[in-house]
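Report on one structure; see the data block that follows.
The values are calculated or read from the model by the stated rules, or taken from the named source; none is laboratory data. Quantities reported herein were computed from a predicted structural model and do not represent experimental measurements. Methodologically, a virtual Cβ is constructed for each residue, glycine included, from the backbone with ideal geometry; neighbour enumeration extends over all protein chains shown.
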Amino acid sequence: MIVRGMSALWCAFVCGLLHAHDLRVSVDFNAEQVFFKVYFNEFGEEEPVEEAKIKVYGSERTLLAEGTTDAKGLWQMPRPKLGTYWADIDGGEGHLIKNERFEIYDGSRPARTERHSAYPWTGAVLGLATLAVLSGAAWLYLRRRPF
């Protein structure tokens, strides 16, 4: 009985540690620079992504610039001419944003655009699958062990 109680406490503790987050990016610009901010959304809190790899493409997927975010999740590049551009962001450990579209325009409307990863629930699904496997293993172990 004590072992089962301890197993339940352990499972509750692991549930608290496993949670989902998704990769997000915001793009802004001024007259000279384009600014990228890459972060994880952790329960409404922004957690910067250090060393996220960013590639910016022009028409026909021509690579214009590439770089890596700093400790604050920031990276900037020189502002290109007016037009539509795309960015790929690799936040590591499978967190990807592909073909993020943004526009450089004359400034008559807000510059900010924001996007999150295509599969924000992947972490939750993997966390639940992990719990199911661990719970099944614990159940089999306790079932075979005499008390």
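One table, with the values for the structure above:
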{"item": "Any hit, region 114-125, residues being of a type in the set (Val, Ile, Thr), on the phi < 0 side of the Ramachandran plot, surrounded by 13 or more Cβ atoms within 10 Å (Cβ to Cβ) and modelled with pLDDT of 80 or more", "result": "no"}
{"item": "Considering residues of region 1-59 that are touching a helix residue (DSSP H, G or I) at 6+ places or on another chain (Cβ under 7 Å) and over 30 Å from Arg143 (Cβ atoms) only, the residue modelled with the lowest pLDDT", "result": "Ala20"}
{"item": "Enumeration of residues in region 63-97 that are at negative phi and not in a strand (DSSP E or B)", "result": "Thr69, Asp70, Ala71, Lys72, Arg79, Pro80, Lys81, Leu82"}
